[in-house]
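Below is one structure, written out as structure tokens; comments come after it.
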Amino acid sequence: MRYSALSVITQALRGHTGWTPAWRKAEPAPHYDVVIIGGGGGGLATAYYLAKNHSVGRIAVLEKGWLGNGSIGRNTTIIRSNYGLPGNIPFYEFSMKLWEGLEQDINYNAMVSQRGIFNIYHNDAQRDAFARRGNAMRLHGVDAELLDRAALRREIPYLDYDNARFPVHGALVQRRAGTARHDAVAWGYARAADARGVDIIENCEVTGIDIANGVVKGVQTTRGAIGAGKVGIAVAGASSLVAAMAGLRLPIESHALQAFVSEGLKPLIDTVVTFGAGHFYISQSDKGGLVFGGDIEGYNSYAARGNLPTLEDVCEGGIALMPMLGRARLLRSWGGIMDMTMDGSPIIDKTPVRNLFFNGGWCYGGFKATPASGYCFAHLMAREEPHPVACAYRLDRFAAGRLIDEKGAGAQPNLH
């Protein structure tokens, strides 16, 4: 059943008794042509684009819990393509274009809202850095504007412009950026993949990867052995743990990233705003809650929960930028596990094990990359060659010195 205004009206007249489940509760088969480990955004998008764009036979997505349980449902929903390095700009702009047509493509309301993102700068050096980034974006055909203080104040009057410590001088703006509903993205890709015959198997944790003579043969799971011609790993913060099942050691650390939401408020922030004097970003959801976050925790962790020191640090940044936030009540927080690479950029590549592929190391950028991540990973798995916009995301770049250090923080993952 395709979703449409007509179908909604028809079902309303029938008391909404005719809706069918968005996807099947599939049982695992003994063998698949492709098995994707991980039922988050990247894994579901990969399965969908494999089924849609490539002549692939039977496909399965294995999720250890339920769909939306992992980092796809534990983020601050920002989508953007305002990157500054050649290895990143084409990829994230490709993702941005996929976002713009996503809801029509998968026939699902993912609540994509291109409300714009304002990256605030506070001194001349930051202004010059943002000018360079904006120029690089425009050279690649990506929209970017540099606003001075007066222009920014006309658009966002509620910032603390006159604080002596962090005066606001202006912002770099990408107006096509915005937000999308994180769990709706997972549900939409799941429904679209299921409609093309993909088996989505929930509550199926992978406990081992079967390899014979350097070739992957399948996986061991809590629901039995499953054979596979090809296996793709797309498990975000659990990347190192799953890769270790195949004897691989990745240049990745896992860190918890907290996100927060306030009580529901009347419309206040109609865009996305980031703080240049600290790591803080904020938007407002359709339900009225202020959604915000900041830095990852500085130590390795697989705990999908937050801690008070990080909460304090994030709130300090928010109040320094918008003192009015101190009057809002915090409603809840959650934690996602970030797979942080040594240069802060992702990996989409083959592994040394034949027919075993890896998609991970997304750091802070996993959600915004969801469509392109799946599209390019599907291309790699089907054709065994990287997609043109993802050629820089090779696993061997760390050994070869071809790093993509967007933030310029060096080989210290927790600083990215």
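For segment 247-288, with all protein chains present and a 1.4 Å probe, just round the carbon and sulfur fraction of the accessible area to a whole percent.
Numbers: 880 of 1730 Å².
Here it works out to 51 percent.
Over every pair of different alpha-carbon atoms in segment 273-416, take the mean of 1/r and invert it; report that Kirkwood radius in Å. Display every interim value, and only then the final one.
Details: mean 1/r = 0.0579 Å⁻¹.
In segment 273-416 this quantity evaluates to 17.3 Å.
Radius of gyration (Cα atoms) of segment 303-361, expressed as a multiple of 2.2 N^0.38 Å: 1.76.
Here, P(r) means the percent of Cα pairs in each 5 Å bin from 0 to the largest distance; for segment 93-235 it is 2, 8, 12, 12, 11, 10, 11, 9, 8, 8, 5, 4, 1, 0. In square nanometres, what is one fourth of the surface area of the convex hull spanned by the alpha carbons of segment 182-234? Hull-based average projected area comes out at 4.5 nm².
Close amide H contacts of His31 (hydrogens built in the peptide plane, cut-off under 5 Å, sequence separation of 5 or more or a different chain): Gly227.
About the centre of its Cα atoms, the chain shows a dipole size close to 720 debye [charges on the beta carbon of Lys, Arg (+1) and Asp, Glu (-1) only; nearest 20 debye]. Alpha-carbon geometry of segment 245-312: the Rg and the Dmax are 15.6, 52 Å, given in that order.
With θ taken as phi - 60° and the Karplus curve 6.51 cos²θ - 1.76 cosθ + 1.60 applied, the whole-hertz 3J(HN,Hα) list for segment 81-96 is 9, 8, 9, x, 9, x, x, 9, 4, x, 5, 6, 5, 4, 5, 4 Hz, x standing for glycine and proline.
Its Kirkwood hydrodynamic radius, worked out from the mean inverse distance over all distinct Cα pairs, puts segment 50-136 at 16.5 Å.
Karplus-derived 3J(HN,Hα) values for segment 203-217, using 6.51 cos²θ - 1.76 cosθ + 1.60 with θ = phi - 60°, are 6, 9, 7, 7, 10, x, 10, 7, 10, 9, 6, x, 10, 6, 10 Hz; glycine and proline are entered as x. Since only Ala136, Gly208, Gly298 are under comparison, the one whose Cα sits farthest along the positive direction of the charge dipole of the chain, derived from C-beta charges on Lys, Arg, Asp and Glu, is Gly208.
So what is the calculated 222 nm ellipticity per residue for the chain, using -39500 (n - 2.57) for each DSSP H run with n of 4 or more, over all residues, to the nearest 500 deg cm²/dmol?
On the way: 10 runs with 115 residues, N = 416.
Roughly -8500 deg cm²/dmol at 222 nm, from the helical runs in the chain.
Just checking the listed ones, Met96, Met338, Met245: in the Gaussian network model of the chain with Cα springs under 10 Å, the one fluctuating most is Met245. Measuring between their Cα centroids, segment 306-376 and segment 1-39 lie 29 Å from each other. Computed packing ranks the peptides 364-372, 170-178 as 364-372, 170-178, most packed first, by mean other Cβ atoms within 10 Å.
Backbone geometry of segment 50-55 corresponds, through the Karplus equation with coefficients 6.51, -1.76 and 1.60 at θ = phi - 60°, to 3J(HN,Hα) couplings of 4, 6, 7, 9, 10, 7 Hz, x marking Gly and Pro. Out of every Cα pair in segment 13-77, what percent are spaced more than 17 Å from each other? Tail of P(r) above 17 Å: 52 percent of Cα pairs. Per residue, the chain exposes an accessible area of 43 Å² to a 1.4 Å probe, with every protein chain left in place. Net charge near Met324, counting Lys/Arg +1 and Asp/Glu -1 over other residues with Cβ under 14 Å of its Cβ? Charge balance in the 14 Å sphere: +1. With Cα atoms defining each centre, segment 53-72 and segment 123-194 are spaced 32 Å apart in the structure.
Count Lys and Arg as plus one, Asp and Glu as minus one, and take only other residues whose Cβ is under 10 Å from that of Pro413; the net charge is then -3.
Close amide H partners of Thr221, meaning residues 5 or more places away or on another chain with modelled amide H under 5 Å apart, are Thr207, Ile226.
Hey, what D do you get for segment 81-125 in µm²/s if you plug the Kirkwood alpha-carbon radius into Stokes-Einstein at 25 °C and 0.890 mPa s?
Numbers: Rh = 12.7 Å.
Translational D for this selection: 194 µm²/s.
Summing charges over neighbours of Lys97, with a neighbour being any other residue whose Cβ is under 15 Å away from its Cβ, gives -1 when K and R count +1 and D and E count -1. Annotated for the chain: lysine pairs at least 8 residues apart or interchain, Cα distance under 22 Å, count 15.
Please report Rg over Rh for segment 321-406, where both radii come from the alpha carbon positions and Rh follows the Kirkwood definition.
Dividing the radius of gyration by the Kirkwood radius yields 1.15.
Between the amide H of Val56 and any residue lying 5 or more places away or on another chain, no distance stays under 5 Å, with hydrogens modeled in the peptide plane.
When the gyration tensor of the chain is built from Cα positions, what are the square roots of 5 times its three eigenvalues, in whole Å, from largest to smallest?
Details: eigenvalues 249, 131, 78 Å².
They are 35, 26, 20 Å, listed from largest to smallest.
The values are calculated or read from the model by the stated rules, or taken from the named source; none is laboratory data. These figures come from a predicted structure and were not determined experimentally. In this analysis, Cβ positions are derived from the backbone assuming ideal geometry, glycine residues included, and neighbour counts consider all displayed protein chains. What goes into the accessible areas is simple: the full protein's heavy atoms, side chains included, and nothing from ligands, DNA or RNA. Shrake-Rupley method; radii C 1.70, N 1.55, O 1.52, S 1.80 Å.
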